[in-house]
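*Asks:* Okay, handing you the structure first.
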Amino acid sequence: MLIFPFITLPAMAEPVTLLAFGDSLTQGYGLAQNEGFVPRLQRWLTDHGADVKVINGGVSGDTTAGGAARIAWSLTPEVDAVLVALGGNDLLRGIEPAESKANLDAILTEIESRGLPALLVGMEATGNFGDSYKTAFDALYPALAGAHGISLYPQFLQALVDLGDRQEVLRDYLQADATHPNPEGVALIVEAMGPAVLDLVEQAEP
């Protein structure tokens with residue numbers, strides 16, 4: 001009788017699960033399901049060799065306070081890394097920068113308590129509420145990234161800002177509301193942000 005030794009086969013590696021935690025920009029407002037930020041980011045990461053599953057944690061209209069209220073239950077056991085992109089609705093409502101900062105700090109603290117890597121995506125204020133408001137708001141993202149020892153991507157719409165021509169952006173890359181990117185705008189945003197997200201994925205442990 002032949003006796004075969006017990007052979008243990010290596011376990012198949014699990015993909016990294018990335019939570020894209022944000023508002024309507026993350027959620028894909030006004031776009032077909034396959035044209036939003038999350039599905040395009042998923043395709044970009046896959047095309048660049050990442051074994052990753054991106055979860056859409058965007059809630060249209062959400063503020064940093066809303067994010068702080070839902071972050072704990074959003075961090076389900078399968079989540080390995082988090083992209084945090086909140087603050088645009090705080091700007092629209094003129095919420096005090098100190099309040100936004102406290103909410104984002106609570107979000108990042110919860111992520112940190114789970115031992116998960118994070119990427120903070122900033123926002124840049126317009127001058128609608130004055131220079132002092134803009135200065136305070138723009139400074140809170142670098143301060144939080146430094147305090148939590150995480151990477152910062154300047155702002156969600158950085159790729160469109162970098163074009164330098166507001167009329168071109170309005171005409172070619174934004175929806176009719178002049179706020180949310182259209183499919184072409186999302187493509188530029190993902191192409192620009194992709195390398196920073198890929199770095200985040202590589203920090204994660206599935």
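*Asks:* To the nearest 0.05, how large is the calculated FRET efficiency for GLU202 and ASP138 if R₀ is 35 Å and r is the Cβ-Cβ distance?
*Replies:* After rounding to 0.05, the efficiency reads 0.80.
*Asks:* Here is a further query. Beyond 17 Å, what share of the Cα-Cα pairs of region 91-147 is found? Please give it as a whole percent.
*Replies:* 37
*Asks:* Defining a contact as two alpha carbons under 8 Å apart and six or more residues distant in sequence, what relative contact order in percent does the chain show?
*Replies:* Normalised by residue count, the contact order of the chain is 24 percent.
*Asks:* Right, next: Return the distance in nm (one decimal) between the two label points of a simple spin-label model at ASN182 and GLN33, each offset 7 Å from Cα along Cα→Cβ.
*Replies:* About 2.4 nm separates the two model spin labels.
*Asks:* In region 83-170, which chymotrypsin sites (Phe, Trp or Tyr not before Pro) fall in coil by DSSP and have 10 or fewer other Cβ atoms within 10 Å?
*Replies:* Sparse-neighbourhood loop chymotrypsin sites (Phe, Trp or Tyr not before Pro): none present.
*Asks:* When you count, for each residue, the other Cβ atoms within 10 Å and take the mean per peptide, how do 22-31, 74-83, 146-155, 160-169 rank with the highest first?
*Replies:* 22-31, 74-83, 146-155, 160-169
*Asks:* Run the helix sum for the chain: -39,500 (n - 2.57) per DSSP H stretch of 4+ residues, divided by residue count, reported at 222 nm to the nearest 500 deg cm²/dmol.
*Replies:* After summing the helix terms and dividing by the residues of the chain, the value is -14500 deg cm²/dmol.
*Asks:* If you don't mind, another one. For ALA98 paired with ARG166, estimate the spin-label separation in nm (one decimal), with each label point 7 Å from Cα along the Cα-to-Cβ line.
*Replies:* If labels sit at ALA98 and ARG166, their model points lie 3.1 nm apart.
*Asks:* Relative to the longest principal Cα axis of the chain, at what angle does helix 131-148 sit, 0 to 90 degrees, rounded to 10?
*Replies:* Tilt relative to the chain: about 20 degrees.
*Asks:* So if R0 is 41 Å, what FRET efficiency would ALA147 and ALA13 give, r being the distance between their Cβ atoms, rounded to the nearest 0.05?
*Replies:* For ALA147 and ALA13, the calculated efficiency is 0.80.
None of the figures in this text is laboratory data; all of them are computed from the coordinates on show. This one's a predicted model, so the numbers in the text were calculated from it and none came from an experiment. Here the Cβ is made from the backbone with ideal geometry for all residues, glycine too, and neighbour counts use every protein chain on show.
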